[in-house]
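Following: one structure in structure tokens, then a few remarks.
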Amino acid sequence: MTFVLSEEQAALRESLRDILSRHAPLSRVRAVIAEPHGYDEPLWRRLVEEIGVCGIGVPEEYGGAGEGFCELAVVMGELGRSLTPVPFLSSSILAIRTLLATRDAAACERWVPPLVTGDVVGTLAVLEQGQTWGAHDPKTVAVRAGKQWRLDGVKSYVTDALAAEFFVVLAEAPDGPTLFAVRRGEGVDPEPLQSIDPTRPQGRLVLRQAAAEVIGTVGAAGEALGDSLVEATIALACEQTGAAERCLEFTVDYAKTRTQFGQPIGSFQSIKHILADRFLANTTATAIAYGGAWAVDHDPTHLGRHASLAKAYASQAFVETAKASIQIHGGIGYTWEHDAHLYLKRALSTNELLGAPRHHRALISASLLDQSSEVTCSATA
């Protein structure tokens with residue numbers, strides 16, 4: 001790794017790696033993903049109770065442990081290494097960070113503590129068919145019904161939709177896009193979606209006159225949602241770099257032991273070049289991703305640019321590492337019994353989740369052009 005962990009962060013990483021190595025081998029992952037809800041409930045409880053993962057980065061007044069975003073990044077990296085099927089991204093990143101971003105103290109006091117204790121699993125429902133991430137003209141409609149709100153619409157690609165009991169939903173209110181808290185119940189129907197990655201289930205959320213409560217200010221979802229998605233993008237990049245690192249490790253081990261023509265294939269120059277290129281790309285992506293995590297805590301200026309840079313690099317590094325792993329392993333890498341195909345599926349799914357590299361490169365270009373225009377205007381004023 002090219003970043004330096006504090007003693008506390010290193011201890012957190014080692015504790016997580018120890019628990020996951022003992023309780024979340026890929027044989028266990030395969031068993032869990034065959035279950036209807038698709039996540040490891042006993043392991044989730046263990047991570048919550050022994051490590052307190054859901055309280056990391058959450059202010060103490062909401063039941064959290066405080067700490068910073070770098071600690072969240074460490075957790076994401078370790079979960080990525082083992083493809084751990086738990087709803088940490090959905091509940092602790094997408095749901096909790098969005099709640100905190102609204103700065104709605106009453107909503108946070110009500111909804112964050114049960115998410116921190118793991119008693120409730122949450123997720124974020126933003127995307128709709130044909131739309132991109134963000135508060136962009138949602139088709140889900142919110143109508144006031146007396147003192148309550150009712151939602152009608154369909155959300156797509158909701159991570160851990162079947163496991164979640166609490167949803168932060170983006171809907172169009174009369175005054176504009178608004179975030180709502182929705183509990184599983186009457187009028188809230190999660191449906192499974194076929195996904196390339198069985199280790200991170202996704203679903204559709206069908207809302208029919210679903211009871212909802214406003215989070216934040218009516219019509220002002222854009223800023224809070226934008227802030228939370230930027231943080232989630234950085235966290236996901238850290239997960240991708242952890243997974244890419246582990247994928248490269250077992251590929252190197254295989255290249256050292258698989259022989260052809262009487263010698264390990266790792267001694268062939270072509271294999272050396274592939275592995276060296278993957279190591280360089282992964283190391284660069286890791287530095288950028290954890291640099292973004294550091295920026296959340298210490299220098300949030302241009303945080304969106306940090307997030308897009310991290311996601312673009314991490315996505316490409318992970319996909320290319322997973323593909324190289326399949327190439328080096330040969331036909332066995334595609335079989336169900338081997339781990340390589342699981343990493344490729346996670347790589348391809350996270351490549352699109354929260355925006356593909358092409359999307360984030362476009363955001364970076366637009367931000368640089370805007371900055372250039374500001375400088376030009378300032379110079380000519």
Let a ≥ b ≥ c be the square roots of the eigenvalues of the Cα gyration tensor of the stretch 90-168; is it rounded (a/c under 1.5), or, if not, prolate (a/b larger than b/c) or oblate?
-> oblate
If each of residue 26 and residue 280 carries a label point 7 Å out from its Cα toward its Cβ, how far apart are those two points in nm?
-> 2.7 nm
For the residue pair residue 132 and residue 250, what label-to-label distance in nm results when each label sits 7 Å from Cα along the Cα-to-beta-carbon direction?
-> 3.5 nm
Principal axis box of the stretch 223-372, alpha-carbon based, largest edge first, Å | 59, 29, 25
Counted charge near residue 84, where neighbours are those whose Cβ lies closer than 9 Å (Asp, Glu -1; Lys, Arg +1) = -1
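When a/c is below 1.5 the answer is rounded, else prolate if a/b is larger than b/c, else oblate, so apply that to the stretch 7-116 with a ≥ b ≥ c taken from the square roots of the Cα gyration tensor eigenvalues. Spell out each step's value before the answer.
On the way: a/c = 2.36, a/b = 1.47, b/c = 1.61.
Verdict is oblate for the stretch 7-116.
What's the ranking of 120-126, 268-274, 338-344 by average number of surrounding C-beta atoms within 10 Å, highest first? Numbers along the way, then the final one.
Details: 120-126: 27.3, 268-274: 13.3, 338-344: 21.9.
In decreasing order of mean packing, 120-126, 268-274, 338-344 become 120-126, 338-344, 268-274.
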The stretch 159-264, relative contact order in percent, only Cα pairs under 8 angstrom and at least six apart counted | 24 percent
Just how many pairs of Lys in the chain have C-alpha atoms closer than 25 Å, counting pairs that are eight or more places apart or on different chains?
-> 13
Computed lengthening from residue 103 to residue 35, 0.36 nm per intervening residue step minus Cα-Cα distance = 20.8 nm
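Can you list the equivalent-ellipsoid semi-axes of the stretch 198-306, largest first and in whole Å, using the square root of 5 times each Cα gyration tensor eigenvalue? Please list the in-between numbers first.
Working: eigenvalues 365, 83, 13 Å².
Those come to 43, 20, 8 Å.
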Any chance you could list P(r) for the chain, counting all Cα-Cα pairs in 20 angstrom bins from zero, rounded to whole %?
-> 28, 57, 14, 1
In nm, to one decimal, how far is the residue 287 label point from the residue 366 one, both placed 7 Å along Cα→Cβ?
-> 2.9 nm
Can you give me the relative contact order of the chain as a percent, contacts being Cα pairs under 8 Å and 6 or more apart?
-> 16 percent
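Using the Cβ atoms and a cut-off under 15 Å, what net charge is assigned to the surroundings of residue 15, where Lys and Arg are +1 and Asp and Glu are -1? List each step's numbers first, then the result.
Numbers: positive: 13, 17, 22, 46, 81; negative: 7, 8, 14, 18, 49, 50, 67, 71, 78.
Every neighbour counted, the sum reads -4.
Under a Cβ-Cβ cut-off of 12 Å, what is the net charge of the residues other than residue 312 that fall near it, where Lys and Arg count +1 and Asp and Glu count -1?
Numbers: positive: 305, 311, 358, 361; negative: none.
Charge balance near residue 312 sits at +4.
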Subtract the Cα-Cα distance of residue 302 and residue 267 from 0.36 nm times their separation in residues, and report this length gain in nm to one decimal.
-> 8.2 nm
Using θ = phi - 60° and the Karplus relation 6.51 cos²θ - 1.76 cosθ + 1.60, list the HN-Hα couplings for the stretch 87-103 in order, rounded to whole Hz, with x at every Gly or Pro.
-> x, 5, 4, 5, 7, 8, 9, 5, 6, 5, 5, 5, 4, 5, 5, 6, 6
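Read-outs: derived from the displayed coordinates by stated rules, not from any lab. As the structure is a prediction and not an experimental result, all values here were calculated from the model. In this analysis, Cβ positions are derived from the backbone assuming ideal geometry, glycine residues included, and neighbour counts consider all displayed protein chains.
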